[in-house]
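What follows is calculated from the coordinates using simple rules that are stated; it is not laboratory data. These numbers come from a predicted model, not from an experiment. FYI the Cβ positions are ideal-geometry reconstructions off the backbone, even for glycines, and counts take in every protein chain you see.
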Ligand code: BTN
């Protein structure tokens, strides 16, 4: 859309740009540039216009849009990124369309608002408009399901990379895939896999990531107030959601290119970022709770826990509460 392209030009210039040069660059009429500027102003962008100099972007609202996301992406990448104002769940959106094979590897959908955001274990994921980044990426790795067991841990590292690049602070990871800042959960990951019945091969994986970005403490419902935080709360400043979404796509693309040969890098980063290691934990499985000490992460991203009798247990799945973090104090 011309509006998104005009926004990209104004944002990357930081100075006055003439209407004529934009119409030439975009191959559209001057009238189309004028209407794009008008539409952007209606969305809350402050754009000054000066005769003989053109237009300059003075301030942007905290708005997520195709143009805001594409600004952080390499040229052409935006063609396989779709922005939606509202959707039930970005994971559902991709799962409904992925089966016929028409969407390419890396196709991504980003929403400003989810009406039915889903979390792990059948929970819901609160996804109000105007403050978060809700993103799903489709990947089609040429592997058997067993080979992709660590993918969620790789994604957790990619999320930390994107948040660090955007706000300068590296989050921690609570095993296996909660992203933590200031002792609170700021992002979650839901990875869903479809397997071909006959060959047992992976048909596709949908990687879903929800990041609480610009919420303030008072924006969370009382039941989440001790648990949930946002990147802005941790960084002490508001975050450009378009940039964050773009950097997330970039770091997931890097992960896709590195899969599976860059395992050492992702394993080392995961071990460094994992806040669970060295802490007292509660292993929760089948309604049973067991106290343990989190010793290490093994080469398959499983947690190695030491039980009170000194025996070691390798934990692949299940809930693990960490002493000192939300839910287990
Ligand atoms: C969790 O913490 O339990 C996982 C939360 C995953 C939420 C994201 S938001 C984008 C994508 N769409 C969904 O419905 N869920 C994931």
ask   = Taking the alpha-carbon centroid of each part, what is the distance from segment 233-260 to segment 162-181 in angstrom?
value = 10
Gain in span if fully extended, residue 88 to residue 265, counting 0.36 nm per residue against the direct Cα distance = 60.2 nm
task = With the convex hull built on the Cα atoms of segment 156-243, state its orientation-averaged projected area in nm².
result = 7.0
ask   = Pairing the Cα long axis of helix 30-42 with the longest principal axis of the chain, what angle in degrees results, from 0 to 90 and rounded to the nearest 10?
value = 50
request  = First check a/c for segment 221-329, with a ≥ b ≥ c the square roots of the eigenvalues of its C-alpha gyration tensor; if it is under 1.5, answer rounded, and if not, answer prolate when a/b is larger than b/c or oblate otherwise.
outcome  = oblate
request  = Sort 100, 161, 219 so the one with the fewest other Cβ atoms within 10 Å of its own Cβ comes first.
outcome  = 100, 219, 161
key: Ranked 124, 18, criterion: other C-beta atoms within 10 Å, fewest first   = 124, 18
ask   = Where both partners of a DSSP beta bridge lie in the chain, what percent of those bridges are antiparallel, to the nearest 5?
value = 85
Among 253, 142, 178, residue whose mean-square fluctuation peaks in a GNM of the chain (springs only between Cα atoms under 10 Å) = 142
inquiry  = At a 10 Å Cβ-Cβ cut-off, how would you order 300, 62, fewest neighbours first?
reply    = 300, 62
ask   = So how tilted is helix 263-273 from the main axis of the chain? Cα-based, degrees 0 to 90, rounded to 10.
value = 80
message = Taking a cut-off of 12 Å, what percent of all Cα-Cα pairs in segment 284-326 are separated by more than that?
response = 61
Rule-of-thumb Rg ratio for the chain [Cα; 2.2 N^0.38 Å; N residues] = 1.09
task = For segment 1-132, just say rounded, prolate or oblate: build the C-alpha gyration tensor, square-root its eigenvalues into a ≥ b ≥ c, call rounded for a/c under 1.5, and beyond that prolate if a/b exceeds b/c, oblate if not.
result = prolate
query = Roughly what angle does helix 151-167 make with the longest principal axis of the chain, taking Cα atoms, 0 to 90 degrees, to the nearest 10?
reply = 50
inquiry  = Please compute the contact order of segment 1-151 in relative form: average sequence separation of alpha-carbon pairs under 8 Å and at least six residues apart, divided by the residue count, as a percent.
reply    = 18
key: Contour minus Cα-Cα distance for residue 31 and residue 286 (0.36 nm per residue)   = 85.4 nm
key: Computed [θ] at 222 nm, helices only, for the chain once each DSSP H run of length n ≥ 4 contributes -39500 (n - 2.57)   = -9000 deg cm²/dmol
note = Largest fluctuation, 139, 180, 169 only, Gaussian network model of the chain with Cα springs under 10 angstrom, belongs to 169
query = Anyone know which of 256, 123, 140 comes out most mobile in the 10 Å Cα GNM of the chain?
reply = 123
inquiry  = How many angstrom lie between the Cα centre of segment 290-329 and the Cα centre of segment 107-142?
reply    = 28
